[in-house]
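A quick write-up on the structure given underneath.
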Amino acid sequence: MLDIKITKTANPKAKPQDESKLGFGKVFTDHMFVMNYTEGQGWHDARIVPYENISLSPAAMVFHYGQEMFEGLKAYRGKDGEPRLFRPDMNGKRTNDTNKRLCIPELPVEDFVEAVKAVVKVDEDWIPTAEGTSLYIRPFIIATDEFLGVAPSKTYMFMIILSPSGAYYSSGLAPVGIWIEDDYVRAVRGGIGFAKTGGNYAASLAAQVKAHDGGYSQVLWLDGVERKYIEEVGAMNIFFKIDGKVVTPALSGSILPGITRNSVITLCKSWGLDVEERKISVDELLEAQKSGKLEEVFGTGTAAVISPVGTLRYKDDVMTIGDGSIGELSQKLYDAVTGIQNGTVADEFGWITQV
Ligand SMILES: *Cc1c(COP(=O)(O)O)cnc(C)c1O
């Protein structure tokens with residue numbers, strides 16, 4: 001149990017009036033959660049305070065060697081008006097997997113979930129209500145020692161900020177074009193690909209710019225050793241429906257273990273579908289597409305939930321998936337996951353936590 005001290009703002013901000021213009025990650029709520037870590041003392045001083053700038057030494061370690069981690073989840077305002085969280089314990093567990101890899105002190109999962117719930121509760125009125133909108137929750141930890149040596153920091157800050165977000169799809173599920181990157185790589189086994197940390201994103205920007213310049217919205221990474229096997233998309237895991245089977249890259253250490261990925265696998269299995277977690281080469285995809293067996297391709301992640309892929313580009317090949325529109329399974333998964341999140345579909349797996 002955390003002892004969270006709450007200081008409410010004396011100057012609440014005006015909430016966004018037009019929820020259709022929220023976009024993503026631009027508006028922040030009135031409060032934030034903060035907790036410090038000091039070697040020898042552990043995590044201490046859990047508090048909710050007015051959202052404001054923070055002051056750090058320019059020598060703070062996070063600025064130099066990137067010792068930091070983050071998470072991402074959402075609070076959904078159900079059709080019944082109740083706020084809900086989707087599997088926040090999974091974000092807490094993943095936090096510790098990331099922390100172990102980056103020499104950041106671990107945090108009890110219960111404390112993580114309690115902190116998320118507490119700050120969302122304080123800013124509950126900021127959860128938007130329009131269809132498809134949500135309150136994006138961004139927990140993160142930064143190394144704060146004033147020291148330029150390369151070593152794990154002895155002090156850290158854990159913070160949670162909140163941002164009301166617009167509907168990812170304003171007019172129904174829209175298929176995207178994906179660029180299979182054949183030069184840059186994102187991660188290798190033994191590296192930090194499975195960790196949710198800024199460094200992976202810094203390493204991804206050059207390829208993202210290249211994909212955008214080529215007219216594609218996202219990058220699909222290949223493995224860092226042979227540049228042959230499919231890994232994942234920018235901030236999403238990737239699934240294929242090939243000849244009736246659902247196939248997704250196995251968690252090999254270089255891809256992020258998505259909570260949406262895990263939920264989609266569970267749902268597909270519960271519907272009696274064959275799900276294979278294994279290596280998939282880009283050649284296998286090209287073959288499957290040529291023989292008409294590549295039925296659907298979709299990404300999974302907290303932001304989009306399910307993102308149907310309409311085209312895949314690899315070198316000189318541009319593959320159209322199915323007829324380029326949304327696949328049946330993609331739509332069914334989207335409806336199931338968002339239904340559970342909004343409380344309109346029964347929560348048979350116990351995925352929902354009340355705030
Ligand atoms: C967060 C993230 C995902 C998706 O994970 P979810 O838990 O489903 O949101 C996938 N890939 C990367 C690189 C990520 O950072």
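Listed values, structure above:
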read-out	value
Unique match (being without any contact (Cβ under 8 Å) to a residue 60 or more places away in the chain and either under 27 Å from T155 (Cβ atoms) or more than 16 Å from the ligand (Cβ to nearest atom) (or both)) among P88, P58, P83	P58
Condition met for G132 (surrounded by fewer than 23 Cβ atoms within 10 Å (Cβ to Cβ), touching a residue at least 12 places away in the same chain (Cβ under 8 Å) and under 23 Å from V27 (Cβ atoms))	yes
Selection within region 13-24 - loosely packed, with under 14 Cβ neighbours inside 10 Å and part of a loop (DSSP other than H, G, I, E, B)	K13, A14, Q17, D18, G23, F24
The listed residue being without any contact (Cβ under 8 Å) to a residue 60 or more places away in the chain and within 12 Å of G299 (Cβ to Cβ), out of V247, V219	V219
Subset tally (residues that are free of Cβ contacts under 8 Å to residues at least 60 places away in the same chain and among the hydroxyl-bearing types (S, T, Y)) for region 1-42	2
Selection within region 332-355 - in contact with a Leu (Cβ under 7 Å, 6 or more places away or on another chain) and modelled with pLDDT under 95	V355
Scan of region 304-331 for residues that are outside any strand (DSSP E or B) and buried (at least 19 other Cβ atoms within 10 Å of the Cβ), ordered by number	A304, I321, G322, I326, G327, L329, S330
Lone unmet requirement of (1) within 26 Å of N342 (Cβ to Cβ); (2) small (G, A, S); (3) not in a strand (DSSP E or B) for S55	(1)
Residue within region 59-66 that is crowded, with 21+ Cβ neighbours inside 10 Å and either assigned to a helix (DSSP H, G or I) or of a type in the set (K, R) (or both) present	no
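The values are calculated or read from the model by the stated rules, or taken from the named source; none is laboratory data. Small disclaimer: the values here were computed from a predicted structure and weren't measured. So basically every Cβ, Gly included, is an ideal-geometry build from the backbone, and we count neighbours across all protein chains shown.
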